[in-house]
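The values are calculated or read from the model by the stated rules, or taken from the named source; none is laboratory data. The structure presented is a predicted model; accordingly, all values stated were derived computationally and were not measured. Using ideal geometry, Cβ is built from the backbone for each residue, glycine included, and neighbour counts are taken over all protein chains shown.
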Amino acid sequence: MEERPWMVRVERLTELVLDTVYAVVSSLPCGSGSARIQINGKDYEILKLLGEGGFSLVYLIRDPASGQQYALKKIRCQNGEISVREALAEVDAMRRFRGPNVIRVCDAAVVRDDANASVRGNVPAHDEESGQGRIVYIVLPYFANGNLQDAINAHVIHASRYDEKTMLDLFLGACRGVQTMHNYALPEIIVDHSDTKDQEESLLFDADSDAAYPPAPSMKVSNPSDMGDDLTREAYAHRDIKPANIMIADDCRTAILMDFGSTLKAQIPIKSRKEAVAHQDLAAERSSMPYRAPELYDVKTDAILDEKVDIWALGCTLYAMAYLHSPFETASTTEQGGSLALAQMTPTPKQFGI
């Protein structure tokens, strides 16, 4: 019997609710013991639920041996190999972009979504394509200070604002994190594609969808003198820069760029109307509206989408830090698609030296 769409939606909602309830109950002190999960042979205690998204949950976990706390991102891959590949592309991004202002991945694993592979009490998810669900677990550093959006919300509640130096220190860190992506250069050890079939350009990364993860590079060492700048430099754009994706380190002044689920190659030429519509739809799905660059709202044929989409989002983020909301976050501008002409201009707070 064919499963009806509404039944699938109810089932997925039930999974999310039970996951959330389980996380809350397991963190209560009166429980029979801490819930545990094993990632690549290492045990962690689950302390509490930190947040949730469409198909992901984030838990606070602890290594019982060291007492170190981490954030565990759990991604349910509902669309088969496509979902798994997208989740692993995010892991790949965190591993390739290295710097003091970019979040690092501590560990990652892909498991079957069943009773033997999941945390005790979870409900199996059903993959409509393969009949077997998958979960991607990503272990990340835990930042007790939260993200810039948390700080902005706290300022709104307490009728306060950032002092100028702290605001600019955090913004500079965010810029440096983005710079790491925009200036990314390929390592000297390159992958040998000589035996592969014709490959289509990927919106994400170059690994084949059925390849093992992480991909194993060949031992062919490139000669830097034989490679031009176009071959060694391979810039990427974050495509979803916003206060919620910038964590605050323990010193309260260092910004850490995170959430690379929307990351694409920076230079994308639009060669047809079909490609323009595809990238416009992708931006609508993955780039938050109040911080989305104008060229992503109406993608033009023969245009080139590049790093400037991140620069726009950084400007909106700085504005949000100063005025506690994006310039395009009012009801009227959101309804109009974030038009620059409708942006709400706010008087400069007195504590800023501008």
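For region 292-317, filtered to residues that are assigned to a loop (DSSP other than H, G, I, E, B) and surrounded by 15 or more Cβ atoms within 10 Å (Cβ to Cβ), the residue that is farthest from the chain's Cα centre (by Cα) is ALA303. Remark: pairs (first residue in region 91-106, small (Gly, Ala, Ser); second residue in a loop (DSSP other than H, G, I, E, B) and surrounded by 16 or more Cβ atoms within 10 Å (Cβ to Cβ); Cβ separation under 7 Å; 6+ apart in sequence or on different chains) = ALA93/PHE260; ALA93/THR263.
So which of LEU28, LEU88, LEU47 is over 30 Å from ARG176 (Cα atoms) and at pLDDT 85 or above? So that I can check it myself, show each step before the final result.
On the way: LEU28 fails: at pLDDT 85 or above; LEU88 fails: over 30 Å from ARG176 (Cα atoms).
Selected residue: LEU47, the only one of LEU28, LEU88, LEU47 that is over 30 Å from ARG176 (Cα atoms) and at pLDDT 85 or above.
Out of the residues in region 50-85 meeting the condition of being assigned to a helix (DSSP H, G or I) and of a type in the set (Val, Ile, Thr), tell me which one is modelled with the lowest pLDDT.
We begin by selecting, within region 50-85, every residue assigned to a helix (DSSP H, G or I); these are 80-85.
Imposing the further condition that a residue be of a type in the set (Val, Ile, Thr) reduces the set to 82, 84.
Numbers: ILE82: 82, VAL84: 87.
Out of the qualifying residues, it is ILE82.
When restricted to residues that are touching a residue at least 40 places away in the same chain (Cβ under 8 Å) and farther than 18 Å from MET181 by Cβ, region 249-278 contains 4.
Residue count for region 32-59, restricted to those that are within 14 Å of CYS106 (Cα to Cα) and either surrounded by 14 or more Cβ atoms within 10 Å (Cβ to Cβ) or in contact (Cβ under 8 Å) with a residue 24 or more places away in the chain (or both): 4. Summed over region 277-326, the residues that are in contact with a strand residue (DSSP E or B) (Cβ under 6 Å, 6 or more places away or on another chain) and not aliphatic (A, V, I, L, M) give a count of 2.
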